Amino acid sequence: MVGSSVVTLDNIPIPEIRVLLDKAQYIDSHRKEVANTCTGRVLATLFYEPSTRTRLSFETAMLRLGGKVIGFAGAQLSSATKGETIHDTVKVVSQYADLIAMRHPKEGAALVAAHSSDVPVINAGDGGHMHPTQTLADLSTIQARFGRVTDLTVGLCGDLTFGRTVHSLIETLCRFGNIRFVLISPDELKTPQYVLDRIDASPTCSYVEAKDLSAVIGDLDVLYMTRVQQERFFNEDDYLRLRDTYILDTAKMRLAKPKMAVLHPLPRVNEIAKEVDDDPRAAYFEQVRRGMLMRMALESSVLGDELPGYETSKEVLA
């Protein structure tokens, strides 16, 4: 992975993803030992659309590794307002930084950036396409809860059309294999056909589509909730009509398995009632912490900076 951009997880072999998961676990228990791993490094965060968790997670990850951060948190704060292209912005910033994390509202922007940059680029979300580091956070949380990321029934609920986190997670879980997907959404926000085709192409994965969360929640090991994203709608009436379609509350949680894990990429609006936060099955704030750890693992790996004391086990590579 040294020197490589990460636009999607598709090009990262499964054994390497397992190493990242293992590194994140190591980092969590060796905070002091890894604190100077990236001393002298500079991360640039180029965020063309609003973000709280993802941007701060990337920045905190580099700071905890001993590096520094530059960047902007909105297109209006960049030379994009003057008409500068992604190519030129990235080309310039890659003269300042050792690594770039970029979020952009247009699909494919991260790939353009990766081709333009003289340093590695990590995709922090491009439109409704992919969000690879969120998927790493999701995998880490599932691994922590179940000790595995295979042989599970995974429900994904809400906006399955525009949810880039959903698309990335399904794609990667299909590569691990042995997953039964339950896709829960209204007709207007169903999973795109190309994502369904990807599930069908996996000999050990399958899916069913459903509209009623209460009817299927008892079958799930993992429930991945998503918000209906107002910024993806052109019609305000459609957004208002669909945003409250699925709300997870204590009544629905009573129907779920005792060990089911509830994940959410955040931010939430009202799709998970605050009362659920106290349920031990709520894993979405743990997900935030693990997202930071996974970005620490990824940033150090891409830069080729070895974590002091870390050794990859044969079991992880298997």
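Just so it is clear, none of the values below were taken in a lab; they were calculated from the coordinates. Here the structure is a predicted model, which means the values were calculated and not measured. In this analysis, Cβ positions are derived from the backbone assuming ideal geometry, glycine residues included, and neighbour counts consider all displayed protein chains.
Taking Cα centroids, how far is region 128-172 from region 6-61 in Å?
Cα centroid to Cα centroid, the span is 17 Å.
Residue separation times 0.36 nm, minus the C-alpha to C-alpha distance between H87 and T204: what's the value?
Separation in residues times 0.36 nm, less the Cα-Cα distance, equals 38.1 nm.
Need one number: nm distance between label points at K106 and T150, each 7 Å from Cα along Cα→Cβ, rounded to one decimal.
So the label points at K106 and T150 sit 4.0 nm apart.
Mean separation of Cα pairs under 8 Å and 6+ residues apart, divided by the residue count of region 132-287: what relative contact order is that in percent?
24
Can you tell me the 0 to 90 degree angle between the C-alpha axis of helix 284-303 and the longest principal axis of the chain, rounded to 10?
Result, in degrees: 30.
If amide hydrogens are placed 1.01 Å from N in the peptide plane, which non-local residues have theirs closer than 5 Å to the one on A261?
V222, L223
At a threshold of 8 angstrom on Cα-Cα distance, excluding pairs fewer than six apart, so keeping six or more, what relative contact order does the chain reach in percent?
The normalised contact order for the chain reaches 22 percent.
Among 132-139, 49-56, how do they line up by average Cβ neighbours within 10 Å per residue, starting with the highest?
Going from most to least packed, we get 132-139, 49-56.
Under the definition of Cα pairs under 8 Å and six or more residues apart, what whole-number percent is the relative contact order of region 158-209?
Relative contact order here is 45 percent.
Listed highest first by mean packing, meaning other Cβ atoms within 10 Å per residue, what order do 151-158, 205-212 come in?
151-158, 205-212
Please give the contour-minus-distance gain from R31 to I70: 0.36 nm per residue of separation, less the Cα-Cα distance, rounded to one decimal in nm.
11.8 nm
Quick check: residue separation of T312 and Q193 times 0.36 nm, minus the Cα distance between them. What number comes out in nm?
Extra length from T312 to Q193 when fully extended: 39.0 nm.
Could you give me the ³J(HN,Hα) list for region 48-58, computed from phi with Karplus coefficients 6.51, -1.76, 1.60 and θ = phi - 60°, whole Hz, x at Gly and Pro?
Residue by residue, region 48-58 yields 7, 9, x, 7, 10, 4, 5, 5, 5, 5, 4 Hz.
Given the options A273, A44, A35, which has the most mean-square fluctuation in a GNM of the chain, springs set between C-alpha atoms less than 10 angstrom apart?
Comparing A273, A44, A35 in the GNM, the peak value goes to A273.
Within straight cross-link reach of K23, meaning Cα distance under 16 Å, which aspartates and glutamates are found once same-chain residues fewer than 8 apart are removed?
E33, D138, E299, D305, E306, E311, E315
Can you spot the lysines whose alpha carbon is less than 30 Å from K106's alpha carbon? Ignore those fewer than 8 places along the same chain.
K68, K82, K91, K190, K211
Under a 10 Å cutoff between Cα atoms, tell me which one of E59, E84, E299 has the largest fluctuation in the Gaussian network model of the chain.
E84
Helix-only mean residue ellipticity at 222 nm, the chain, DSSP H runs n ≥ 4 weighted -39,500 (n - 2.57), per residue, nearest 500. What is it?
Theoretical 222 nm ellipticity from helices: -11000 deg cm²/dmol.
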